[in-house]
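Chemist: Structure provided below as structure tokens; questions to follow.
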Amino acid sequence: GAVVSQHPSWVICKSGTSVKIECRSLDFQATTMFWYRQFPKQSLMLMATSNEGSKATYEQGVEKDKFLINHASLTLSTLTVTSAHPEDSSFYICSSLGPGLSTEAFFGQGTRLTVV
Amino acid sequence: AQSVTQPDIHITVSEGASLELRCNYSYGATPYLFWYVQSPGQGLQLLLKYFSGDTLVQGIKGFEAEFKRSQSSFNLRKPSVHWSDAAEYFCALNSGNTPLVFGKGTRLSVIA
């Protein structure tokens, strides 16, 4: 199946700094990628839908200026958490639909962000 | 609106016992349904999926799920649980090329 690679797998940063998380489709072109956030022992909540070459679509309640999403190529989408605060600490997971007309989602390994 | 309900937050079963994890959904048509498993601090692994056709779906690791339209359910089953099956299980749906909507998850504990 298709492979989605997410990096880094974990990161610790200081309050006020920014952190970039990368999500790559390794063996296919991903027109659309999804970014999810998962709090401890909670489900995955969709943050935004990222489309190559256009602006991301954010879910209600997600601050677009805080969570910057860039999808500049068909194999890379990035999520930047700007001016991070401790409440941004969470598990972030990216996902992409498979190649072609696939309706199956493939997930990255996730990134554990801890803001201190 | 689309929604997924997993009624059981936590289930404990003995190793070797059978398992059934419940999933109910709300959707205007027949959705695409999925079951994922997540180990602590890890990403999600797809266990199985239902798009159409045979309502009994076989997945990896000995799991199966049955789609029941009349009950709006897609319960996950395994005849004999192994200790390595302890994890968080998520039921999810989408309508094709839309993002997945997840249930809240069911945590499975396996005891000797």
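Chemist: Under the definition of partner shielding as Cβ atoms of other protein chains within 10 Å of a residue Cβ, what is the mean value for peptide B:41-53? Each step should come with its number before you reach the end.
Modeler: Values: counts 6, 6, 13, 11, 1, 5, 0, 0, 3, 0, 2, 0, 0.
For peptide B:41-53, the averaged partner shielding equals 4.
Chemist: Give the average, rounded to an integer, of partner chain Cβ atoms located within 10 angstrom of each Cβ in B:95-103.
Modeler: Numbers: counts 1, 4, 7, 7, 15, 8, 4, 7, 2.
Averaged over the peptide's residues, the number is 6.
Chemist: Using a Cα-Cα cut-off of under 26 Å, which lysines could be cross-linked to B:Lys78, ignoring same-chain neighbours fewer than 8 residues away?
Modeler: A:Lys41, B:Lys49, B:Lys61, B:Lys68, B:Lys104
Chemist: Based on the Cβ-Cβ distance from A:Asp65 to A:Val3, what FRET efficiency comes out when R0 is 25 Å, to the nearest 0.05? Provide the component values of the computation, followed by the final result.
Modeler: Details: r = 31 Å, r/R0 = 1.25.
Here the calculated transfer efficiency is 0.20.
Chemist: If the cut-off is a Cα-Cα distance under 22 Å, which lysines reach A:Lys66, setting aside same-chain residues fewer than 8 apart in sequence?
Modeler: The qualifying lysines are A:Lys14, A:Lys20, A:Lys55.
Chemist: At 1.4 Å probe size, with every protein chain present, just tell me what the per residue accessible area of chain B comes to in Å². Write out the running numbers ahead of the final one.
Modeler: Details: 5320 Å² over 112 residues.
Heavy-atom accessible area per residue stands at 48 Å².
Chemist: While we're here: Could you tell me which Cys residues in the protein assembly as shown have no other cysteine's Cβ under 4.7 Å from their own Cβ, answering none if every one has a partner?
Modeler: A:Cys13
Chemist: Counting only protein heavy atoms and a 1.4 Å probe, tell me what percentage of the protein assembly as shown's accessible area is made up of carbon and sulfur. Please report the intermediate quantities before stating the final value.
Modeler: On the way: 5680 of 11020 Å².
So the carbon and sulfur contribution to the accessible surface is 52 percent.
Chemist: Further question on the same structure: Given a 1.4 Å probe, show me the residues in the stretch A:43-87 buried by at least 30 Å² of accessible surface when comparing the whole protein assembly to the chain alone.
Modeler: Those are A:Ser43, A:Leu44, which lose 30 Å² or more relative to the chain on its own.
Chemist: Relative contact order for the stretch B:10-112 using alpha-carbon pairs under 8 Å, separation at least 6, rounded to a whole percent?
Modeler: Numbers: 230 pairs, mean separation 38.6, N = 103.
Computed over the stretch B:10-112, the figure is 37 percent.
Chemist: Same structure again: Residue by residue through A:33-41, how many Cβ atoms from other chains fall within 10 Å of the Cβ on average? Can you show the working numbers first?
Modeler: Working: counts 1, 4, 1, 4, 0, 6, 0, 1, 7.
If you average over the peptide's residues, the count of other-chain Cβ atoms is 3.
Chemist: Work out the P(r) tail for chain A: percent of alpha carbon pairs separated by more than 23 Å, whole number. Mind showing how you got there, number by number?
Modeler: Working: 1487 of 6670 pairs.
Here the tail beyond 23 Å accounts for 22 percent of pairs.
The values are calculated or read from the model by the stated rules, or taken from the named source; none is laboratory data. Source: prediction; values computed, not measured. Please note: Cβ atoms are built from the backbone with ideal geometry, for glycine as well, and neighbour counts cover all protein chains shown. SASA here: full protein model, heavy atoms, side chains in, ligands and nucleic acids out. Shrake-Rupley method; radii C 1.70, N 1.55, O 1.52, S 1.80 Å.
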